[in-house]
Amino acid sequence: MRKILILASLFILVLSFGVSAEKFAFDLEKLDFVGGLTYNNFALEATIDGKEDKDDTEEEKKLKDELANGIGFYAGLRYPLQENIALGVGLDRAASSGSISIKDGSIEMDQSILGPYAEAVYQVNEFIDVSAALAYYQYVNNIKTTVLTDVDELEVKGNGIGFLVGGSYEYPLQDGFALKGSVGYRMATIDLKEETADDKTEDISAEKRKIDLSGFRVSAGISYSF
């Protein structure tokens with residue numbers, strides 16, 4: 001929560017340098033809403049105490065292949081400071097899932113990252129912009145292992161700072177709406193903090209386990225100018 005407040009405070013602070021309170025109130029109509037669906041891939045490289053974890057079994061490698069791609073969404077607001085510069089805040093989510101068969105059972109896994117972001121946007125021309133964003137992600141991974149009638153469930157949580165860079169193309173429609181497509185790259189390394197099994201939560205932060213969720217991000221959505 002503290003880091004979320006810091007991101008929001010930074011955006012408000014920067015905004016205050018470029019726009020007086022009176023002008024901001026008058027120019028609220030300049031706010032733009034952006035949002036859409038994303039297709040993401042993930043590096044999924046794990047490290048323990050700074051060393052790469054290369055001890056995956058064949059089953060784990062198959063599961064990792066299924067988890068390497070997934071769907072997400074983003075939604076946010078942008079406010080122009082100058083003719084070709086804007087600031088924005090929003091929410092970004094990406095998730096993937098997979099399952100494999102093992103002897104007498106299966107392993108199912110669902111992982112996701114969700115977090116707020118603050119961004120700076122440069123408008124190259126009427127249709128194209130480039131942006132860079134700082135995000136704070138919460139990570140959740142639910143693992144379900146079934147062997148015959150025995151079911152074990154494990155939840156792993158963590159968090160980490162991420163960066164989003166990319167560019168987008170916007171095609172105006174009418175009444176303030178526009179179609180928006182973008183291509184970008186997410187840099188995000190998650191620190192794993194806790195595991196929960198059998199309703200017992202264990203602090204694993206001392207193990208310095210990390211997972212790399214960096215990858216490319218392609219989106220399609222809409223924008224709306226108020």
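Calculate what fraction, in whole %, of the accessible area of region 50-160 sits on carbon and sulfur atoms when a 1.4 Å probe is rolled over the protein chains.
Numbers: 3120 of 6040 Å².
Of the solvent-accessible surface of region 50-160, carbon and sulfur hold 52 percent.
For region 97-183, just list the percent of Cα-Cα distances falling in each 10 Å bin from zero outward, please.
14, 26, 22, 19, 13, 5, 0
What pairs from Lys51/Lys180; Lys30/Lys157; Lys62/Lys200; Lys30/Lys193; Lys62/Lys180 go past 32 Å between their alpha carbons?
Lys51/Lys180; Lys30/Lys157; Lys30/Lys193; Lys62/Lys180
Let me know the longest stretch in the chain that avoids all trypsin sites (Lys or Arg not before Pro) found in a DSSP loop with at most 13 other C-beta atoms within 10 Å.
It works out to 104-207.
Could you please report the charge total around Tyr171, scoring K, R as +1 and D, E as -1 over all other residues with beta-carbon less than 12 angstrom from its beta-carbon?
Overall, the nearby charge balance is -1.
Using 7 Å Cα-to-Cβ label points, what is the Lys144/Lys30 separation (nm, one decimal)?
5.0 nm
What is the helix-to-structure angle for 2-18, meaning the angle in degrees between its Cα long axis and the longest Cα principal axis of the chain, kept from 0 to 90 and rounded to the nearest 10?
Relative to the chain, helix 2-18 is tipped by roughly 20 degrees.
Nearest 10 degrees is fine. How inclined is helix 58-67 to the longest principal axis of the chain, computing both from alpha carbons?
Between helix and principal axis, roughly 20 degrees.
Averaging sequence separations of C-alpha pairs under 8 Å and six or more residues apart, then dividing by the length of region 102-226, give the relative contact order as a whole percent.
Relative contact order here is 21 percent.
Rounded to the nearest whole Å², what accessible area per residue is found for region 25-176 with the 1.4 Å probe? Can you show the working numbers first?
Values: 8560 Å² over 152 residues.
That works out to 56 Å² for each residue.
Taking the Cα centre of the chain as the origin, how large is its charge dipole in debye, to the nearest 20, when only Lys and Arg (+1) and Asp and Glu (-1) carry charge on their Cβ atoms? Don't skip to the answer; put the middle values down first.
Working: 22 positive and 38 negative charges, 163 e Å.
Using only the charged Cβ atoms, the result is roughly 780 debye.
Mind checking the full-extension length gain between Phe226 and Leu37? Use 0.36 nm per residue of separation minus the Cα-Cα distance, one decimal, nm.
Here the answer is 65.9 nm.
If I model a spin label as a point 7 Å beyond the Cα along the Cα-Cβ vector, how far apart are those points for Asn125 and Glu202 in nm?
Placing both labels 7 Å along Cα→Cβ, they lie 5.8 nm apart.
Find, among the GluC sites (Glu not before Pro) in region 63-129, those assigned to loop by DSSP (not H, G, I, E, B) with at most 15 other beta-carbon atoms within 10 angstrom.
Glu83, Glu126
If you scale each eigenvalue of the Cα gyration tensor by 5 and take the root, what three semi-axes come out for the chain, rounded to whole angstrom and sorted largest first?
39, 19, 14
So if each residue of separation counts as 0.36 nm, and I subtract the Cα-Cα distance between Asn84 and Leu173, what length gain in nm does that give?
My answer for the length gained is 30.0 nm.
The values are calculated or read from the model by the stated rules, or taken from the named source; none is laboratory data. For clarity, every value in this text was computed on a predicted model and none was experimentally measured. Positions of Cβ are backbone-derived with ideal geometry, glycine not excepted, and every protein chain shown enters the neighbour counts. The accessibility values were calculated without ligands, DNA or RNA, using every heavy atom of the protein model including side chains. Shrake-Rupley method; radii C 1.70, N 1.55, O 1.52, S 1.80 Å.
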